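So the structure is just underneath, and the comments pick up after that.
Coordinate-derived values only; no laboratory data. Note that the structure is predicted; figures quoted are calculated from it, not measured. Glycine also receives a Cβ, built like all others from the backbone with ideal geometry; neighbour counts cover every protein chain displayed.
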Amino acid sequence: MIVEEIMKKDVISLFENDSIADAIRLMGEKKIRHLPIINIEQHLVGLVTDRDIRDATPSIFETEKFKAGLQNPLKMIMKTDVITGHPLDFVEEISAIIYEHRIGCLPIINNKKLIGIVTETDLLRTLVELTGAHQPGSQIEVRVPNKTGMLHEISSVIRNKNANIQSVLVYPDKSDEKYKIIVIRLQTMNPLSLIEDLKNAGLQVLWPNYPGMSS
C-alpha cells in the first residue's frame, strides 16, 4: 500500500506570518494537532504542533504577556527541519520513519508542493483496516519453524474447513529465532474445530488455547 491511498488530501495549513492565535483557533476548530506552514507557492516551509504552541505561549496568569504572545507570527515557533514523505512511498516505510524519529505526522510533498499529510492516527486506522480487527471474526496464532512452506501448510488446513481468511501477519518469535509466529484473522466466530485440525496437523496453536483441548 502506498501513502497516497491513506493520506489526508484536504490539508489544513497556515502561512508563516499568521499568528499563534490563528493557529490555536484553527487547531481547535478542526480538532488537529499538527499544522503545516506554507508559502504563497504552496511549498512547505515549516510545521507547528500543539506542543510547540504550549511551549511558546506564556502562562494565562500573565494576562498581558499572554495576549501579546498570541499575536506573534508562526515563523517564530515553527520547526523548519521537517521530515517529509512522497505520495508513492510505501506505508511501511513512512511508519518506520514516524516510529524512528518519534514524530506525530509526516507532510507529503510532490513537486515541492504540500499535497497531503499522514498522522499516527491515520497509520493506526490503516493497521486496523488491514488486519480486519474492526470486523467480526476470530484470531488464531500459530508458532511454526522459520522455514518455507509453513504458511501453505496452515492455509491448507483452513481451506479444508472452508474458512475465509481476512488477514495474515507474520513476525519473529522473540524467544527463539528458529521460529516465527503466524497470526491469522478468520471470518468465523467459532474456530474450535479448526484449532483442533491445526493441532492434529502437528502445528502449535498459541492462541486461543482453550482448556481441555489437545495440545
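Can you tell which of 40, 190, 155 lies farthest toward the positive end of the dipole of the chain, using +1 and -1 charges on the Cβ of basic and acidic side chains (Lys, Arg; Asp, Glu)?
190
Could you go through segment 176-183 in sequence order and give the Karplus-derived ³J(HN,Hα) for each residue, using 6.51 cos²θ - 1.76 cosθ + 1.60 with θ = phi - 60°, rounded to whole Hz, and x for Gly and Pro?
So the Karplus estimates, Gly and Pro as x, are 7, 5, 7, 10, 9, 10, 10, 10 Hz.
What's the FRET efficiency of residue 129 with residue 12 using the Cβ-Cβ distance as r and R₀ = 30 Å, to the nearest 0.05?
E between residue 129 and residue 12, to the nearest 0.05, is 0.85.
Could I have the simple spin-label model distance between residue 152 and residue 81, label points 7 Å from Cα toward Cβ, reported in nm to one decimal?
That separation, rounded to one decimal, is 5.0 nm.
If I fit a long axis through the Cα atoms of helix 20-30 and take the longest principal axis of the Cα atoms of the chain, what angle between them do I get, 0 to 90°, rounded to 10?
40
Given the C-alpha centroids of segment 136-215 and segment 92-108, what is the distance between them in whole angstrom?
Distance between centres, Cα-based: 31 Å.
In degrees from 0 to 90, rounded to the nearest 10, what is the angle of the helix 91-101 Cα long axis to the longest principal axis of the chain?
Tilt relative to the chain: about 60 degrees.
Could you tell me the calculated FRET efficiency between residue 111 and residue 72, based on Cβ-Cβ distance and R0 = 35 angstrom, to the nearest 0.05?
The formula returns an efficiency of 0.65 here.
Set the Förster distance to 35 Å, then compute FRET efficiency between residue 51 and residue 167 from the Cβ-Cβ distance, nearest 0.05.
E(calc), rounded to 0.05, equals 0.55.
Could you check which residue among 144, 48, 91 shows the biggest mean-square fluctuation in a GNM of the chain with a 10 Å Cα cutoff?
It is 144.
Cut-off 15 Å, label point 7 angstrom out along Cα-to-Cβ of residue 39: give me the residues of segment 6-30 whose amide nitrogen falls inside.
Within reach of a label on residue 39: 15-18.
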